[in-house]
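Single-structure report; data block below.
The values are calculated or read from the model by the stated rules, or taken from the named source; none is laboratory data. In this text the structure is predicted, and so the values were computed from the model without any measurement. Here Cβ is always computed from backbone atoms with ideal geometry, including for glycine, and neighbour counts include all displayed protein chains.
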Amino acid sequence: MTTAGPFANILHQETIRRLAGDRTFERGRVYQSEGRVSDLARQSGALTAKVAGETEYLVRLWVKDDNLAFHCSCPVGQEQTFCKHAVAVALTWLASPRGMLAASLDKDAVAAALDGIPRTGLVELLMEEAAQNAALRERILERAKTPGGPPSGRKS
Ligand SMILES: [Zn+2]
């Protein structure tokens, strides 16, 4: 099971721009910056949101066969054209990787956060986790047997 979800691989600005075209992409970006997207949620592999346009439109994005599939309740979206509402939702999702949708693992963010925690804090954190996680305890004890990082160096 990929908890990080397929969106992390598929959903990029360039993908969206290619699907929507420059013009629609820019209009969607304006919508996003104006905060017209609301109720962004991730449900069973799809992103859903409401977009305030002339009326309120419902947008749904999901990944199908390694492509970004979409649906919007506006006239353009109904014609299977990637509309500005879909762009706005996609961009909003991209802009909020650490929001409620941050279930996907952002390795860089985690690495940066770990960097900022002092060693004692890290030890504390690991101890807490290890207290409830036998597998982690095993790994820590295992790691302690092989100090000095990767077993590549054969120092004599
Ligand atoms: Zn639309």
Being in contact (Cβ under 8 Å) with a residue 24 or more places away in the chain, more than 12 Å from Ala20 (Cα to Cα) and crowded, with 17+ Cβ neighbours inside 10 Å is the filter here, so list the residues in segment 55-90 that pass it.
Tyr57, Val59, Leu61, Val63, Val89
Could we say that Leu68 is within 16 Å of the ligand (Cβ to nearest atom) and either closer than 30 Å to Val110 by Cα or not in a strand (DSSP E or B) (or both) here?
yes
Of the residues in segment 18-47, those that are among the polar types (S, T, N, Q) and without any contact (Cβ under 8 Å) to a residue 24 or more places away in the chain come to Ser33, Ser38, Gln43, Ser44
Answer yes if at least one residue in segment 114-131 is out of contact with any Lys or Arg (no Cβ under 8 Å at 6 or more places or on another chain), among the hydroxyl-bearing types (Ser, Thr, Tyr) and at pLDDT below 90, and no otherwise.
no
Please tell me if Arg27 is within 16 Å of the ligand (Cβ to nearest atom), surrounded by 15 or more Cβ atoms within 10 Å (Cβ to Cβ), farther than 15 Å from Trp93 by Cα and basic (Lys, Arg).
yes
Looking at Thr48, is it surrounded by 15 or more Cβ atoms within 10 Å (Cβ to Cβ) and more than 10 Å from the ligand (Cβ to nearest atom)?
yes
